[in-house]
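Worksheet: the structure to be examined is printed underneath.
Taken together, the values in this text are just the output of simple stated rules run on the coordinates, not laboratory data. Everything quoted here is computed from the prediction, not taken from an experiment. Heads up, the Cβs are rebuilt from the backbone with ideal geometry, glycines too, and the neighbour counts pull from every protein chain shown.
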Amino acid sequence: MRPPEHARGPAPHVLIAALTLLGAVAVVAAVLLAMRGDSEPGVGRALGDPAPRVTPTPVVLSAPESVEIEDTLPRAATPASGGQDDPPRTWSLEPAVSPWVIVNKLRPLDPQDYVPSDLRDVAGTSQQLRAEAADAMEAMMAAASDAGASFRISTAYRSYGFQESLFAAYQRDWGTARAETFSARAGHSEHQTGWAADVYESNACKVKACFADEAAGRWVAAHAWEYGFILRYPEGKQEITGYRYEPWHVRYVGTELATWMREHDVATLEEAFSLPAAPDYP
Ligand SMILES: [Zn+2]
């Protein structure tokens with residue numbers, strides 16, 4: 001909002017509007033400052049997908065529909081695999097609701113403002129995942145704990161609006177090109193699907209590459225597939241996924257696909273389904 005250009009002096013309603021605007025700007029600035037904290041990617045260090053320190057505003061969900069989620073999931077158009085080395089074709093790769101939706105810089109979410117209908121808190125955390133992924137995450141966290149490799153969740157589901165604010169803050173601080181190596185534009189984040197989470201062990205290696213060298217990082221890399229999770233942004237695959245190595249970012253795809261990828265030594269979803277590499281936005 002701009003002050004009227006031809007006004008000789010601000011009328012009372014203009015003053016009120018200006019004060020309201022100032023208040024709104026102050027609130028946004030406070031939120032962005034709070035998000036920065038010590039999780040900014042450090043210069044010269046591996047850049048992460050630094051987690052904001054504020055919790056995303058909980059999404060108010062409408063009453064759950066009475067239909068089974070399973071019935072609403074989009075099956076792949078060609079369910080039968082061609083050969084024994086072909087990837088499974090159980091679910092579609094397209095709509096945001098699909099368990100195998102592939103989101104990257106060339107594949108925005110459809111619809112862009114998608115909100116999963118079955119988000120729930122992962123037990124013991126304030127972070128949300130879709131119900132099936134939350135079940136799997138809880139099992140994985142318990143197993144990691146039993147193995148002496150406990151980890152926590154920094155962020156899981158993020159709304160379109162939250163991602164928009166987050167990316168804008170990184171863009172302002174780091175410039176667009178740099179921000180895009182570690183953070184997604186709104187509508188392009190896997191976190192918005194409700195299938196992905198950032199996990200951490202120590203604050204020192206939270207959303208940093210050194211998570212890979214911690215007990216939890218090693219355990220997750222070795223065992224996540226058993227719970228249906230993959231490391232979505234593996235080392236050395238930035239030209240394909242569009243993102244730097246993120247040993248902390250896990251994506252739920254279910255054990256069928258996670259097992260197939262492991263058995264076939266396929267590191268990325270793009271390679272699994274022979275999709276174009278997505279290093280940059282179109
Ligand atoms: Zn992430």
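Within 11 Å of the ligand (Cβ to nearest atom) and either more than 20 Å from residue 143 (Cα to Cα) or free of Cβ contacts under 8 Å to residues at least 24 places away in the same chain (or both) - does that describe any residue in the range 210-220? No, because not a single residue in the range 210-220 is within 11 Å of the ligand (Cβ to nearest atom) and either more than 20 Å from residue 143 (Cα to Cα) or free of Cβ contacts under 8 Å to residues at least 24 places away in the same chain (or both).
Taken over the range 232-244, the criterion of being within 12 Å of the ligand (Cβ to nearest atom) and buried (at least 19 other Cβ atoms within 10 Å of the Cβ) is satisfied by 232, 233, 241, 243. Candidates in the range 169-202 are the residues that are out of contact with any Asp or Glu (no Cβ under 9 Å at 6 or more places or on another chain), among the hydrophobic types (A, V, I, L, M, F, W, C) and touching a residue at least 12 places away in the same chain (Cβ under 8 Å); of these, the one that is nearest to the ligand (Cβ to nearest atom) is 197.
Assess whether residue 229 counts as being more than 22 Å from residue 122 (Cα to Cα), of a type in the set (A, V, I, L, M, F, W, C) and within 13 Å of the ligand (Cβ to nearest atom). Spelling it out, it is not the case that residue 229 is more than 22 Å from residue 122 (Cα to Cα), of a type in the set (A, V, I, L, M, F, W, C) and within 13 Å of the ligand (Cβ to nearest atom). Taking residues in the range 88-106 that are under 17 Å from residue 255 (Cβ atoms), and partners anywhere that are of a type outside the set (A, V, I, L, M) and not in a loop (DSSP other than H, G, I, E, B), the pairs with Cβ atoms closer than 6 Å and at least 6 places apart or on different chains are 88/256; 88/260; 98/91; 99/91; 100/91.
Against the list (1) part of a loop (DSSP other than H, G, I, E, B); (2) under 19 Å from the mean Cα position of the chain (by Cα); (3) over 23 Å from residue 114 (Cα atoms), the condition residue 281 fails is (3).
Within the range 233-263, the only residue that satisfies the criterion of being within 22 Å of residue 92 (Cβ to Cβ) and among the acidic types (Asp, Glu) is 256. Only a single criterion out of (1) assigned to a strand (DSSP E or B); (2) surrounded by fewer than 20 Cβ atoms within 10 Å (Cβ to Cβ) is not satisfied by residue 251, namely (2). If I filter the range 254-271 for residues that are of a type in the set (A, V, I, L, M, F, W, C), under 22 Å from residue 126 (Cβ atoms) and not in a loop (DSSP other than H, G, I, E, B), do I get at least one hit? Within the range 254-271 (the criterion being of a type in the set (A, V, I, L, M, F, W, C), under 22 Å from residue 126 (Cβ atoms) and not in a loop (DSSP other than H, G, I, E, B)), the answer is no, since none of the residues qualifies. Number of residues in the range 141-156 that are more than 16 Å from the ligand (Cβ to nearest atom) and either over 19 Å from residue 223 (Cα atoms) or not charged (D, E, K, R) (or both) equals 9.
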